[in-house]
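What follows is one structure encoded as structure tokens, with my remarks underneath.
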Amino acid sequence: MPGELPPAGATWPERRRRALADPAMRAAVAKSTRSLAVKKEAVFATYPAAEAMRKRAVIARRGSLARVDALLDELTRRVEARGGHVVRAAGPADVGRYVLDVARRRGVQRVVKSKSMATEEIALNEQLENAGLHVRETDLGEYIIQLAGERPAHILVPASHKTRQQVRALFDEEAAACAVDPPVGDATPELTAFARRQLRADFLAADMGISGGNFLVAETGTLVLITNEGNGRMTTSLPRVHIAVVGIDKIVATWADLADLLQQPALSGTGQRLSTYTTFITGPRREGELDGPEEFHLVLLDNGRHELLGTEFVDILACIRCGACLNVCPVFRTIGGQAYGTMYSGPIGVVLTPLLGGLERAPELPKSACALCYACADACPMEIDLPRHILALRRTEVERGMEPWSDRLTFELWGRFWANPAGFRFTGRIARLGQRVYVRDGRLKGAPGLVGGWTATRNAPPLARESFHEWWARRRASRTGS
Amino acid sequence: MVRAQLFVTCMVDLFRPRAGVAAVQVLERRGVEVEFPGGQSCCGQFAYNAGHHREAAAMGRQLVRAFEPSDAASPSADPPTVIALSGSCAAMIKHEMPDLLERDALQRGRTPATAARWRRRAEALADRVVELSEWLDRQAVPGPEGVGTRAESGGPASSGGPGYAGASGSSTPLKVASHTGCHMRRLLGATEAPLSVLRRAGVEPVELDDAEQCCGFGGSFGLLEPDISAAMADAKLANLATARGDGVTCLVSADLGCLMQLGGRLDRQGDAFPMLHLAEAVDLADRHRLTPADIERTARSQEADPDAR
Ligand code: SF4
């Protein structure tokens, strides 16, 4: 079954226009991505063990993907043995229904969430809010995004496109709405102090905590949560009920595999050796324990993942959502995450969005959000061949006839002429004649069809009066002639 | 005499034949007997990256045919090296073409044996292809100052070419900005070659800040997304502006695509700054004419032989 993703909202031209017209956002994105990319390089350069560990982690991830079903069964047995509940969810509606059932049964009114891409993917907040629940994101970046009514613009640092001034404005508004004191200034500690005070109240009042998960360890039945703010711990231990929504791709076989994987999101994502908080969860509170939830539910989300097993795209499931590919991507640096129209932005989003949601969901991403510079392939710690997948998706679009007929015709004619020497020379001569209409002050300033895309923002020299082919023929003639 | 076949690429052929002419002269000075197979047109990368693999394969097959040694050539001799005037096109041939031709043959209903034969023919070409700066870098041994050295004995250039003569006798070398295309950098891994070739040409190459970021050319991407592509070019040009402030005299690249992107954008903004293909820069250096005035003149002239006018 293919998955289902929330709609993009605005059209691609509209999203693109908005992004390019927002210099503050673009500057913030360029700055934060550059700094993260530099930190990543630095940590690998100064931490000799990192590279070998990364290589083992790649093998561990690929190995787990080769036997996902068996590992999920094993995981399920272990979690259930400790009193947890495990369900498999095909898509967004399944998860929503399940969570709302539990909420109704346990009289839940207020929900706190820690950062989770899986729940973004299924628009869980919306589903719960529509059912009348109060939902609060507790990761600082997600909190900001929630107040702004936006989608995360970066899979790791969701609010990195916002300036401190913009955050302060959002917090001021929230303070007014809640009738509490606003932040005292827009310095980072002052902003976080406000968020902490607000979120503390949400944590204490919550009946249910919803988290994602970075890894699932089959051998031990463990949910692994990595955060930098500690909000994950409060989300999973303070409320009466904890529900974790985790993609089936997060499974790893053994604790030893986990040991190699555990540092990878931090190493490649933020350039830290380890994230600040690593939390291992193996079930609800047991007898004699002082804290932890009364109920623990693990929802294993498919949403189009299972279908990718055994295809050329399978390695995309090895993604650890570190964001390294976003940080080096020149297109991401230029347009930021919102323009992608999906919670998965950057190179991973270009590939994952159409694979999970169908090519019709985001036909623009493979062809328009990638310059094929291969920077992401170099950056990805899991060695996912993102450019190859982007090429494959472009080819699929062509094969399915998803491009304008005029483009298709251009390529067909082009291929026909240029695949033989006489045709190549012929098109050169014709173009030289034809270009006269478009040449002004010795420059090509306009052009028909596809090439018009070039001249929309750039000049080009006209075709040379004598091509190299012609020069060579002339030279040879003059040499043999004399 | 060592033979080499020149693959000028469709863009050099049509837009900047001058770079091809420069390459011929550079190679001939190094004792290479240059051949130019007339059947060549395009490596097909543009169509390939746009998802049009059938068209790309048709162009790819033609390229393979064009460079295949003819039956008349003595079968015992090793087929000549193919020197490409683009890192990106060289990468297309080396990394994509064997797979592409095999897959396409199967899709067109050819037998697996025929498909495998296309793969082998493409692989044979891929093995022979080398990008120009990599080739030049391999021919020369750095001298004591890294300037003015000649090929290793027995190498193709040992028969008395001029080697790298340097720009002039001036004590402070001319600074030039060097931009390495993404495919050259990441698929060929040739990050050092253009720099060391320029150094041996007697100039000081300067890499821009954020050198590894793409210029925005991107083949079909650049046509489909003119605004994003131009914004990427502008980021690169901002870094070039910094280098210009530090006194670089021109921008050199081994890929014409990047030069047309950056030059075309700059020109649209009404700003002029000389941009040279690496072959042109080395040719000028060979002739002791890598000077601001000659750089300017070469960059302006599109004609095959600027001195003829
Ligand atoms: S694709 Fe690779 S680099 Fe990108 S988020 Fe996933 S693991 Fe990180």
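Bear in mind these aren't lab numbers, they're just calculated from the coordinates by the rules spelled out. This one's a predicted model, so the numbers in the text were calculated from it and none came from an experiment. In this analysis, Cβ positions are derived from the backbone assuming ideal geometry, glycine residues included, and neighbour counts consider all displayed protein chains.
Observations
- Each other residue within a Cβ distance under 13 Å of A:GLY442 adds +1 if Lys or Arg and -1 if Asp or Glu, for a net charge of +3.
- Selection from A:ALA266, A:LEU450, A:SER368, by position along the positive dipole direction of chain A (Cβ): A:LEU450
- Here the protein assembly as shown is assigned +1 on the Cβ of each Lys and Arg and -1 on the Cβ of each Asp and Glu. Its dipole about the Cα centre then comes out at about 1440 debye.
- Region A:5-124, dipole about Cα centre (Lys/Arg Cβ +1, Asp/Glu Cβ -1), debye to the nearest 20: 340 debye
- Residue-count net charge about A:ARG106 - beta-carbon cut-off 13 Å; Lys, Arg +1, Asp, Glu -1: 0
- Each Cα pair under 8 Å and six or more residues apart adds its separation to the average, and for chain A the resulting relative contact order is 21 percent.
- Normalised by the number of residues in chain B, the average gap of Cα pairs under 8 Å and 6 or more apart makes the relative contact order 20 percent.
- Sorted by Cβ density within 10 Å, fewest first, the residues A:TYR340, A:TYR277, A:TYR98, A:TYR374: A:TYR277, A:TYR98, A:TYR374, A:TYR340
- Antiparallel content of DSSP bridges confined to chain B, in %, to 5: 5 percent
- For B:MET275, the residues whose modelled amide H falls within less than 5 Å of its own, excluding neighbours fewer than 5 places apart on the same chain, are B:LEU251.
- Unpartnered cysteines - no second Cys beta carbon under 4.7 Å - across chain A: A:CYS178, A:CYS319, A:CYS322, A:CYS329, A:CYS370, A:CYS380
- Taking the DSSP bridge list for the protein assembly as shown and keeping only pairs wholly inside it, about 20 percent are antiparallel.
- With 10 Å bins from 0: P(r) over chain A, alpha-carbon pairs, percent: 4, 17, 27, 23, 13, 8, 5, 2, 1, 0, 0
- Taken one residue at a time, the phi angles of region A:281-296 give Karplus couplings (6.51, -1.76, 1.60, θ = phi - 60°) of 10, 10, x, x, 4, 9, 4, x, 7, 8, 9, x, x, 6, 10, 10 Hz. Gly and Pro are set to x.
- Whole-percent P(r), region A:420-481, all Cα pairs, 5 Å bins from 0: 4, 16, 21, 20, 16, 11, 6, 4, 2, 0.
- For region A:22-307, the share of alpha carbon pairs falling in successive 5 Å distance bins from zero is 1, 5, 11, 15, 18, 17, 14, 11, 6, 2, 0, 0 percent.
- Using θ = phi - 60° and Karplus 6.51 cos²θ - 1.76 cosθ + 1.60, couplings along region A:262-267 (whole Hz; Gly, Pro as x): 4, 8, 4, x, 6, 4
- Using a Gaussian network model of chain B in which every pair of alpha carbons under 10 angstrom is joined by a spring, one finds that among B:SER178, B:SER70, B:SER220 the greatest mean-square fluctuation is at B:SER70.
- Overall, the anisotropy analysis places region B:29-125 in the oblate class: the square-rooted eigenvalues a ≥ b ≥ c of its C-alpha gyration tensor yield a/c not less than 1.5, with a/b not exceeding b/c.
- Backbone amide hydrogens, once placed in the peptide plane, bring B:VAL129 within less than 5 Å of B:VAL82, excluding anything fewer than 5 places away on its chain.
- Of B:PRO69, B:PRO274, B:PRO37, the residue with the greatest mean-square motion in the GNM of chain B, using alpha carbon springs below 10 Å, is B:PRO69.
- Span-rule helices in chain A, defined as complete DSSP H runs reaching 27 Å or more along the axis (Cα) with Kyte mean at least -0.5: A:23-46
- Loop sites in region B:31-121: trypsin sites (Lys or Arg not before Pro), DSSP, at most 13 other Cβ within 10 Å: B:ARG108
- Cross-link partners of B:LYS94 among lysines (Cα-Cα below 25 Å; sequence separation of 8 or more within a chain): A:LYS367
- Local electrostatic count at A:ARG458 - Lys and Arg +1, Asp and Glu -1, tallied over other residues with Cβ under 13 Å: 0
- Note on region A:320-439: Cα convex hull, mean projected area over all directions, 9.7 nm².
- Among beta bridges that DSSP assigns inside region A:22-307, antiparallel share in %, nearest 5: 25 percent
- Proximal lysines relative to A:LYS250, as straight alpha-carbon distance under 20 Å, when same-chain residues fewer than 8 apart are discounted: A:LYS55, A:LYS113, A:LYS115
- Reachable aspartates and glutamates from A:LYS40, criterion Cα separation under 14 angstrom, eight or more residues apart if same chain: A:GLU51, A:ASP378
- Dipole moment magnitude, nearest 20 debye, chain B about Cα centre, only Lys, Arg, Asp, Glu C-beta charged: 640 debye
- Two numbers describe the Cα atoms of region B:151-300: Rg and Dmax, which are 15.9, 51 Å.
- Within region A:375-418, the trypsin sites (Lys or Arg not before Pro) that combine a DSSP coil assignment with at most 12 other C-beta atoms in a 10 angstrom radius are A:ARG400.
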